[in-house]
Amino acid sequence: MIGGARQPREYGPPPVPPSHQGCAIRSVRVQLPAQRGELRDRHEDGHHLHHLVWRLDPSLRVCSSAVLGGGIGPRAWILNAQVPGGYPRFDPDRHLAEIAAAEGLTGPGAGLMTAADVAAYTTGHDGGVTATVTTGLGVRGWAAAPESATHAPHRPGTVNIVVTLPTALSDAALVNAVATATEAKVQALLDAGLDCSGTPTDAVCVAAPEPGPDGGEPFAGPRSAWGARIARAVHTAVLAGASTAR
């Protein structure tokens, strides 16, 4: 996610203005990562870039901090798109919508953005949970930084985390799952020997089935059954990415 970017009014792709129509994006399948994700290849404005796409089952909903389609609700897809360093645009939500449209994605979706090499994604698996992570650590630091540090411009390096699991979670547990994934990310960064809690633009998506009449699992903290699996899967993926990204 790009720090400070505005949230779109709608979760689906917004209309593409005339100034951005005809954006040269060519997508072809490269390979299949785990659990519904696809690594895709595109050429855009002279850059060869990659993005990951999850085409989600209709029964899934997503809790995320994504720049496009953030929040909690049904999502038909998740997109994690690589952009060039020194990202020149000021409309990341619309840019993500353009990429989604080129992929034929329809309906509400969640879109994340990073300057990291998306093709170098890493994964972690634990008890039915899959975590897919792209790790860009060029701009990193501590969350509780001095006020002077918060005014510095930030480019989109970004650690993006997408978690999928087969068990329904309550609203509270979905939020708890995002917190658990973030805790596991920080633990992995420290275990990799990095003196930071992340980057200023990190984002998380957690996808789980819609809860039925029972309301879904009520907890996803690190000592709950599913939270522990999320934590271990995210830790594995982030540790692998951090060990090769620095």
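Counting only protein heavy atoms and a 1.4 Å probe, the range 195-246 has 43 square angstrom of accessible area per residue.
Note the per residue figure in Å³ for the convex hull of the C-alpha positions in the range 36-154. It would help to have the intermediate numbers written out before the result.
Numbers: hull volume 16.0 nm³, N = 119.
Value for the range 36-154: 134 Å³ per residue.
Normalised by the number of residues in the range 51-171, the mean separation of alpha-carbon contacts (under 8 Å, six or more apart) gives a relative contact order of 24 percent. Per the Debye calculation on the range 75-142 with a single equal scatterer at every Cα and no solvent contribution, log₁₀ I(q)/I(0) for q = 0.18, 0.26, 0.28 Å⁻¹ amounts to -0.82, -1.21, -1.25. When Ile72, Ile78 are compared by accessible surface with a 1.4 Å probe, the order from highest to lowest is Ile72, Ile78.
If I stretch the segment between Ala225 and Thr244 completely, what's the gain in nm (0.36 nm per residue apart, minus their alpha carbon distance), one decimal?
Numbers: separation 19, 0.36 × 19 = 6.84 nm, distance 2.98 nm.
Contour length minus the Cα-Cα distance gives 3.9 nm.
State, as an integer percentage, the relative contact order of the range 93-246 based on alpha-carbon contacts under 8 Å between residues 6 or more apart. Please list the in-between numbers first.
Details: 304 pairs, mean separation 47.6, N = 154.
The normalised contact order for the range 93-246 reaches 31 percent.
As a fraction of the 1.4 Å probe accessible area of the range 66-177, surface on carbon and sulfur atoms comes out at 59 percent.
Taking label positions 7 Å along the Cα-Cβ direction at both Glu147 and Thr106, the computed distance is 5.1 nm, reported to one decimal.
The values are calculated or read from the model by the stated rules, or taken from the named source; none is laboratory data. Computed from a prediction, not measured in an experiment: that's the story for all the values here. All Cβ positions, even for glycine, are placed from backbone atoms using ideal geometry, and neighbour counts span all protein chains on display. We work out accessible area using only protein heavy atoms, side chains counted, and drop any ligands, DNA or RNA first. Shrake-Rupley method; radii C 1.70, N 1.55, O 1.52, S 1.80 Å.
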